[in-house]
Amino acid sequence: MKYSVVFSKDALKELKKLDKYTASLIVGWVRKNLDGCENPRAHGKGLTANYSGKWRYRVGDYRLLAEIQDEKVVILVLRVAHRSEVYKE
């Protein structure tokens, strides 16, 4: 069972705001480690409290907040932001 990665509209918007080098680094990491993987939980960390059920992936100083949808075999990336701002709403 291989997972596919889908970016939300907000995540794409945040990704476009980043410089090209950082954005390509993040997209490359997602393609290499998450797209087509069998166990997306091996690369991330489960979150608790307000973000219960969501997963965090670390790419350098940036974080990806994602939701793993097992029934659809999809990893939905919700946010892409610097680690100091990713959890602020």
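Bear in mind these aren't lab numbers, they're just calculated from the coordinates by the rules spelled out. Just so we're clear, the structure is a prediction, and the values are computed from it rather than from any experiment. Please note: Cβ atoms are built from the backbone with ideal geometry, for glycine as well, and neighbour counts cover all protein chains shown.
Could you count how many residues in the range 16-52 are among the acidic types (Asp, Glu) and free of Cβ contacts under 8 Å to residues at least 24 places away in the same chain? Steps first, answer last, please.
The initial filter retains those residues of the range 16-52 that are among the acidic types (Asp, Glu), namely 19, 35, 38.
If we keep only those that are free of Cβ contacts under 8 Å to residues at least 24 places away in the same chain too, we end up with 19.
The total comes to 1.
Before we move on, is Lys13 charged (D, E, K, R) and touching a residue at least 60 places away in the same chain (Cβ under 8 Å)? Against the criterion (charged (D, E, K, R) and touching a residue at least 60 places away in the same chain (Cβ under 8 Å)), Lys13 does not qualify. Could you tell me whether Val30 is over 23 Å from Ser84 (Cα atoms), under 11 Å from the mean Cα position of the chain (by Cα) and of a type in the set (A, V, I, L, M, F, W, C)? Judged against the criteria, Val30 is not a match.
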